Structure formats: C-alpha cells, structure tokens
1. Only one of A:310, A:288, A:296, A:281 is part of a loop (DSSP other than H, G, I, E, B) and either within 12 Å of the chain's Cα centre (by Cα) or touching a residue at least 60 places away in the same chain (Cβ under 8 Å) (or both). Can you tell me which?
2. If you scan segment B:146-160, which residues turn out to be more than 7 Å from chain A (Cβ to nearest Cβ) and under 24 Å from residue B:235 (Cβ atoms)?
3. How many residues, within segment A:234-265, are under 30 Å from residue A:210 (Cα atoms) and either within 11 Å of chain B (Cβ to nearest Cβ) or at pLDDT 90 or above (or both)?
4. I'm trying to understand the selection: among the residues of segment B:186-224, which are more than 14 Å from chain A (Cβ to nearest Cβ), in a helix (DSSP H, G or I), over 13 Å from the mean Cα position of the chain (by Cα) and not small (Gly, Ala, Ser)?
5. Do we have residue A:91 as away from chain B (no Cβ under 14 Å) and within 21 Å of the chain's Cα centre (by Cα) here?
6. If residue B:173 meets every condition in (1) in contact (Cβ under 8 Å) with a residue 12 or more places away in the chain; (2) farther than 20 Å from residue B:72 by Cα apart from one, which number is that one?
7. Only one of these conditions is not met by residue A:3: (1) in a helix (DSSP H, G or I); (2) within 14 Å of another protein chain (Cβ to nearest Cβ); (3) among the hydrophobic types (A, V, I, L, M, F, W, C). Which number is it?
8. If you go through segment B:146-164 one residue at a time, do you hit one that is among the small types (Gly, Ala, Ser), under 22 Å from residue A:14 (Cβ atoms), in a helix (DSSP H, G or I) and free of Cβ contacts under 8 Å to residues at least 60 places away in the same chain?
Amino acid sequence: MHLENGSTPEHYRAYVGRKIALILGGVVLAVIMFFVSVSVGAVSIPIPDIIATLLGGQGTGLYERIIWNIRIPQALTAVVAGAGFAIAGVAMQSILRNPLASPFTLGLSNAAAFGAAIGILMFGAGTTGSSIADAVVVNNPYLTTICAFLFSMLTTVIILLIAKMRSATPETMVLAGVAISSLFSAGLMAIQYFVDDTKLASIVFWQFGDVSRSSWMELGIITAVVVAAFAYILFKRWDYNAIDAGDETARGLGVNVERTRLFGMIAASVISAVVVAFLGVIGFVGLVCPHMVRRVIGDDHRFLIPGSFVCGAVLLLISDTVARTMIAPHVLPVAVLTAFLGAPVFLYLIIRGRRM
Amino acid sequence: MKEEYPEHEEHHGHHVHEHSHIEGYTHTHEHSHDVPHEHHGNTPGKAILTVEDVDFEYRSDPVLQDITVGVARGEILAILGPNGVGKSTLLKCMNLILKPKAGAILLEEMDLTKMSGTEIARNVGYVAQRNESARMTVFDTVLLGRKPHLGWKVTEKDYEIVDAALRRLGLADMQLRYIDEISGGELQRVCICRAIVQEPSVLLLDEPTSALDLCRQMAILRVIRDVVDHHNVATIMTMHDLNLALRFADRFLFMKDGKIYAACDRSGVTADMIEAVYGIAVDIVMHKGMPMVVPR
C-alpha cells in the first residue's frame, strides 16, 4: 500500500480541538460548581474563605470543620460517584449495544438494595439511634455495604454466566439483567412486607441514595475504584469504537469482542456496585450523562469517555447542591432529584427514538 | 500467476479445467511447493492467502467442506453461489472471524491461527455486509482502521495515511460529516476506506454491492478494482450479481452445498456451471467482449 501523500487536514484538527475544548469547559464548570457546592448549605461560607481554608490559611475553626469534614467529602463524593456512574453507563451502552443500558436498568442497583435489606434484616442493623437526617440509623453500615456490594456483583456474575451459556450476545445480557432486576425487587418487597417498623425504615432510608453518607475513607475507596476503572475503560476506547461499528468489523480489526465485553462489564459493574453499596441507589446519572455527551460530542469514545466522566461529575454535583438547598432547611437525598431529572430525559430519548 | 485452481467436483461430474488466457496473465505451471492436498489442483504461483482443506461447522452442522483456494496479489477472486451456500462463512474463516473446524489458512507461509488478532488485522482487511452507523465522522470512522497499528496515541503518520486514503477514494470532501447522515453507498465506501488504511495485503469484502443501485454498484467496484490494481492487494469478495462479478473479478469460485463446485477464470465460466450451482438455465452471451449471464 502506498498512502504517503497525505497530511493532517486542518479542518480535522480544528474539529478535534473543539471537542477537547468542550471537555475542558466541563472541567472548569466542575471546579466552579465544586466551590459553589462547598459554599452553600445551612451555614453559607463565602468562597474566599473556602479558598483560604483550602490553602491552609487561618479560617475560623467552625468554617474549617464544616469545609473539611462535611462539605468537601460530600462534594468530592458527588464528583467521583457521578463520574463513575457515567463511565459505567458509557461502557455498558457500548458493549451491550443498547442505548438504555446503565447500572440502574441492568438491575445492579436493585440487587444492591436487596443486599442492603438482607444485611439490615439479618445482622440486626437498624436499631434506633439518632442521625442528622432522621431518627433512623443503619447501625452497622459496613456490613450493610458489604451485603449490597456482594449482591450487586452476584447479579453481574449471573448475567455473565447466562451470557456465557448462550454465547455473549448483548441482547441476552440486557434481558438477563432486566429479569434479575425484577426478581430482586420482588425479594425486596417481600422483605419490606414482613420486617418490623424500625427495620423497614432503615431499608427504605438506605434506598434513598445520598452522597452525604460518605466520609473521607469511603471517598478514598470509591475514588480508587473509579479511577482504576476509568483508566481501563479509556484504554479500551478504540475497542469500543470498533464494537460500535459491528461485531464482525471489530473482529476484523483484531478486537477480541467477547473478552472486551466481559472485562468491560466487570469494570462497569464494579464501579456501580461500589458506589451504590456506599451511597445507596442513585438512578439515571449513568443513563443520562452518556446520552447528553453523545449529543454534543458524538459517539467517538476517545472523547465520549472523558466527556461523560466530566458530565457525570458536574451533573451529580449540581443535583446534590440543588437537593440540599432547594427546600431548605430540609435536605433532600440527591437520588430523589436525579430520579425526577432522569425520567423526562429518558422519555425524551424514547420519543426521539435515538438509535445508538 | 496462473488460473488453474483446485476443484471439488467429483460428486458432480463437471470438470472445469480451463486454461485460457486473459489479458495480463502469464501461465507459469509451477506447482506450489509444500502444499499437499488431494484435489489435483494447484494453488496460485504466489498466493498471498491460501485456504487449505477448510471445514467449518455451525452447531455440528457442516457448513463448509474441503475448501481449498488461493488468491494472489493484484487479483480479485469472486465467491459465487446461491443464498446460504456458505459464501460469507468462507470469507469470515479467511481472517478467523470464524474459526474453521479443520484445515489451515496461510498468509504467505504463516499460519493464521498462530497470529494474534491484531497481527491478522495488519495483513487482512475485512468489510462486513452490514455496517453499523454511529455518531462518528467519516474521518474518525476511517481512522478506526488504523487500530491494528495504534499504540496508546494516534500519530501524525496515522492521520496522514487516513487523509491519503480519503483522497484516494474521493471521500475527502465529506471527512467531517457524520456517518449516520450519509447514504448507504457512501458508508460502504467509507468502510472500504477503513479496511484500506489497515494497509492489508488481502481485502475481504462481503457483498460490497448489496443494497446499492446500479450506479453506486459500478462506482464501488471501480474503486475496488482501482485499489487492487494500484496497491497490489489481493481481494476476495462474495457477490450475488454474476454480471458484475464477471466484469470486475479475475477469478471465480462457484460454491454448492458448502463445497467448491468449480474454480475458474472468466472464460471458464459456463452456462452448465451456473445452472448446476443456481438451478436455473442461463445463456452466456458475449457483449463487447465481456461474458453476460442471461437467464433463459
């Protein structure tokens, strides 16, 4: 082959430049929203004081404690959780070739909720106590978290096993996910019907996903998982582009399609399971963000993956900030808001009939 | 190069051993060295891709049996036969998208099964029959063809090769259009372009003209012919339209019931052969020196 007389077209350079600029714009927005999020709340903190505190200057002790112990962990959790859900959604939509695939629609969240309920039921979590939000406490949060994580991963394993039996077509995975999801909702309903009031309250409370649940340690774990999975998924960006072009085309380009699907599903599932286990069910971020980014940036995973990462971070950060302040002094869990936000977008996607 | 190819026709009673000259061909009757098979045929002198005694099964139903064929650089081989005969399956076995149950695929002398998917993709380009579109630009879609050569980053060289290939195929003007907004014929051309930037020595095309109108069929095949002639690649394509195949391909492989019924060059194609394979009586008439298949 002799294809030597080419040069990089200027138009193309400019076009790539625009996409990168959009993503960087998102990063700037995320930083601004971070400061806004840290600033607002029951005690409103002026942004200069935040900067002073961050730089280690002498803020007042009260501000310092609120910033470091409450606001920043919460804002950062919103950032990594939103980003994590969004890239999990991108990976699932691509490898399952289904625009409606997301951690939520595949049943990972329901499984986690069921797992948490089991944890609360079996291990006596949920004794009365006091908490900032309610008179409800999840007494042994780590046990509950571990149960939620295990059930979420169990769902992934079942989906993958079914896919293995019936040669991993995307349809089998999606359908298996939907089936398992409804099974776990049924199980959750049964548990809720039979438990006593305190435990019922704990179970229901757990399901309202909320980024305020995490402290520095949880944040550290979530961040480590999200960053590692992000690196893996970004590394596989050309493989996802190839799979978008069709399974056979991808194989013709040297992509091991089955293995890419398997590892992609595992990476996306681990992110979702970890985030949901620590924070509870937060729907729609994983579904909606990739679609928003697809509209603006397109389906090219070189830009779609980082774009979704940023979009997820910004969206959950904004949602959390609004949820905390919208009906002050009451604080809404962010999951309530994302559910309200997500449904119209979901319907819009269906009506628009946007094919992937 | 020579155009005598292995046939598998003991069960059919047809024997096609044509030794005719077509322009640009010389006959060198050297037996290809190390390739023993029981079909009394010869693999082409400098076959770049050789399929040897390949069997393929789908859920233990035999789909392909005893397929042996080769293709040389600068040559187009058309795989012909009725629907469901295994044409596409054979094509997909040639770059191991499907794994044959028995037999070997050789790229020059290398066994394809010993190569990684990426190594195969650097040598064999494949264009599927159906191509998915996405919100990707023409340029990025073609750039995907560089995947087998890519490290972590796309280099200047990759961009340059894509640019050159886009110009070569007359796609430069639409490089920033999204492929979900272009026509089927244009998408087909983009996909061929993507296979070309893989810089393969063999191109596999699965019905490159299906679902295109006459004008676009001609345009695509001219592009393919042009690429084959100027870049010295070997091309194997499955086709339904016999007249287009006769016009653009150099050699023809007729398949029946998962086996090779006949392999020949243009002048070796007979009406009997087509009747036996497709089950319809035809005449072959010459039109401006080109054989044309006309159903009776």
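1. Values: A:310 fails: part of a loop (DSSP other than H, G, I, E, B); A:288 fails: part of a loop (DSSP other than H, G, I, E, B); A:296 fails: part of a loop (DSSP other than H, G, I, E, B).
Of the residues listed, the single one that is part of a loop (DSSP other than H, G, I, E, B) and either within 12 Å of the chain's Cα centre (by Cα) or touching a residue at least 60 places away in the same chain (Cβ under 8 Å) (or both) is A:281.
2. Restricting attention to segment B:146-160, the residues satisfying the condition of being more than 7 Å from chain A (Cβ to nearest Cβ) are B:146, B:149, B:151-155, B:157-158.
Across segment B:146-160, the qualifying residues are B:146, B:149, B:158.
3. Count: 3.
4. Within segment B:186-224, B:186, B:189, B:214, B:215, B:216, B:217, B:218, B:220, B:222, B:223 qualify.
5. Working: away from chain B (no Cβ under 14 Å): yes; within 21 Å of the chain's Cα centre (by Cα): yes.
Against the criterion (away from chain B (no Cβ under 14 Å) and within 21 Å of the chain's Cα centre (by Cα)), residue A:91 qualifies.
6. (1)
7. For residue A:3, the exception is condition (1).
8. Taking segment B:146-164 first, the residues among the small types (Gly, Ala, Ser) are B:151, B:164.
Those still in the list that are under 22 Å from residue A:14 (Cβ atoms) too: B:164.
Pick out the ones that are also in a helix (DSSP H, G or I) and you get B:164.
Checking the rest, the ones that are also free of Cβ contacts under 8 Å to residues at least 60 places away in the same chain come to B:164.
Checked against the condition, which is being among the small types (Gly, Ala, Ser), under 22 Å from residue A:14 (Cβ atoms), in a helix (DSSP H, G or I) and free of Cβ contacts under 8 Å to residues at least 60 places away in the same chain, segment B:146-164 yields at least one hit.
The values are calculated or read from the model by the stated rules, or taken from the named source; none is laboratory data. Note that the structure is a prediction, hence the values are computed from the model and not measured. We place every Cβ from the backbone using ideal geometry, glycine too, and count neighbours over all the protein chains shown.
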